[in-house]
Amino acid sequence: MTPAELERLAQRLRRGEVPDGVRLLKQNPVRRVALADGIALKLFLVPSRRAAREARALRKAAALGVRVPTLIDVGRDWVATSFIEGRKAVRKDLPRILPVVRHMHEQGMLHSDLHLGNLLVAGSEVVLLDPQKARFWPHLPRILRNWELGRLAYSLGEPLPAELSHVSFWRELRAQQHWRSRTRRCRKESSNFTRFTHAGASGYRRRDASPEDLVRTLETLAQAELIWSRPWGAIYRSGSWIVKQHASVRAARNAWVAGHGLEMRDIRTARPVAWLDRWLIMEDAGQDVVAWVEAHFGEASAPEREELSRKLADLLADLHRRGTYHSDLKASNMTWSPGEPARLLDYQRVRFGIRVSRRRRIRNLAQLNASLPDQLPGELRERTLQRYLERCGYREHGSKLREAVISQSLQRSHRWHGC
């Protein structure tokens, strides 16, 4: 295709048109990528110098011997490259990825956005994509190499590969940045969320939630099942949703944000669907742990009892490993059933950080232990604590933590009265 033809194609893509013979490869609020005659044309929808930066980075990378798509042409807001047939890189490709990254760093190139989504496996080659943020140095400092490897390590998921154990700090830093960035998206127009208004009030909803169904649910709460009520709020069950009325708009908004923050950290919850004024609408995840224990624990099999212990320990360990503290972590705020993961039902009092202190760990463990009914025997509680320690890699001797948890549990005077 000639430069004039590429410009005309970019203009049509800008208008939202897809000509015959052109395949749309990717589309989001920031850019569109289309394939035509073996050429990948990337159109930037937001005014910027991204096209020029990416073209410059592609030229420099190719000159250094770094494998990137071949630059064909560049316009004011688009860049055209050769299309490379391949597949997205996955975790098992790490032995092939690391030599490519090492060579890139030795040549003084920092990709700046290195993750599996920007790596393409084409036959025996690994190709670097989307280098618009790349930077070049005569010599790349070790701290920047580790910073970039930490970003790559985060995209691999868990567990951290042994080859990248030396960048665990940078991986954790990237995780925190990513979680914060993605959490904020639930309070603005984005690919997954949109504004929700009704009766003069406003909030946000998931795009896959029908606004008509949400409005109908709020308008028919008088016929819904009332689960809990206090002067400052109430909880209703309406169809497949739970509707919570919070004490204030701020409390409902905090719960909405916290629910999505937990989801970004891969912590299971009763998923929030919409927030409007003082109302939070969420999925109905079933009965809470206390109700399940009181109704089914006596007749539950030994494997089911062990599964309950494991799932509760895993949920609490995942919270703390990801720097998340829940100031009201009671069994009545969690749900579980055999074959399912444990989930959080209430997350208004969730706080996100980098580390959870020893004092807060003990408090959460004591809250959970004290809120579990006496039907749970002491040995099952002991195994829950032991699995928690193993899962979150806590370094303190278990006996010291155990004594502190028991002491605080008994002080709480909740459902548990001691072994």
Inset, instruction - Kindly indicate the residue of region 134-163 that is aliphatic (A, V, I, L, M) and under 17 Å from His103 (Cβ atoms) and also nearest to the chain's Cα centre (by Cα) among those meeting that condition. - result: Leu152
Legend entry - Of all residues in region 69-117 being hydroxyl-bearing (Ser, Thr, Tyr) and in a loop (DSSP other than H, G, I, E, B), the one that is surrounded by the fewest Cβ atoms within 10 Å (Cβ to Cβ): Thr70
Legend entry - region 44-69: number of residues that are among the charged types (D, E, K, R) and in contact (Cβ under 8 Å) with a residue 60 or more places away in the chain: 5
Legend entry - Total residues in region 32-64, condition over 23 Å from Met104 (Cβ atoms) and either touching a Ser or Thr at 6+ places or on another chain (Cβ under 8 Å) or not in a loop (DSSP other than H, G, I, E, B) (or both): 9
Legend entry - Selection from region 359-380 of residues that are out of contact with any Phe, Trp or Tyr (no Cβ under 8 Å at 6 or more places or on another chain), closer than 24 Å to Asp346 by Cα and surrounded by 14 or more Cβ atoms within 10 Å (Cβ to Cβ): Ile362, Arg363, Ala366, Gln367, Leu368
Legend entry - Residue tally, condition in contact with an Asp or Glu (Cβ under 8 Å, 6 or more places away or on another chain), assigned to a strand (DSSP E or B) and of a type in the set (S, T, N, Q), over region 217-263: 1
Inset, instruction - Out of the residues in region 286-314 that are touching a strand residue (DSSP E or B) at 6+ places or on another chain (Cβ under 8 Å) and buried (at least 22 other Cβ atoms within 10 Å of the Cβ), state the one that is nearest to His246 (Cα to Cα). - result: Val289
Inset, instruction - For region 163-183, state whether one or more residues are without any contact (Cβ under 8 Å) to a residue 40 or more places away in the chain, among the charged types (D, E, K, R), assigned by TED's automatic domain parsing to the domain that holds Gly261 and assigned to a helix (DSSP H, G or I). - result: no
Legend entry - Residue tally, condition closer than 18 Å to Lys26 by Cβ and surrounded by 14 or more Cβ atoms within 10 Å (Cβ to Cβ), over region 118-143: 11
Inset, instruction - List every residue pair whose Cβ atoms sit under 9 Å apart, with the two residues 6 or more apart in sequence or on different chains, where the first one lies in region 278-290 and is assigned to a strand (DSSP E or B) and the second, anywhere, is of a type in the set (Phe, Trp, Tyr). - result: Leu280/Trp256; Ile281/Trp241; Ile281/Trp275; Met282/Trp241; Glu283/Trp241; Asp288/Trp336
Inset, instruction - Please name all residue pairs, on different chains or six or more residues apart, with Cβ atoms under 8 Å, provided the first residue is in region 134-159 and is under 14 Å from His115 (Cβ atoms) and acidic (Asp, Glu) and the second residue is at pLDDT below 95 and not in a loop (DSSP other than H, G, I, E, B). - result: none
Inset, instruction - Hey, could you check region 240-251 for residues that are among the small types (Gly, Ala, Ser) and within 18 Å of Ile227 (Cα to Cα) and say which is surrounded by the fewest Cβ atoms within 10 Å (Cβ to Cβ)? - result: Ser240
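The values are calculated or read from the model by the stated rules, or taken from the named source; none is laboratory data. These figures come from a predicted structure and were not determined experimentally. Backbone-built Cβ (ideal geometry, glycine too); neighbour counts: all protein chains shown.
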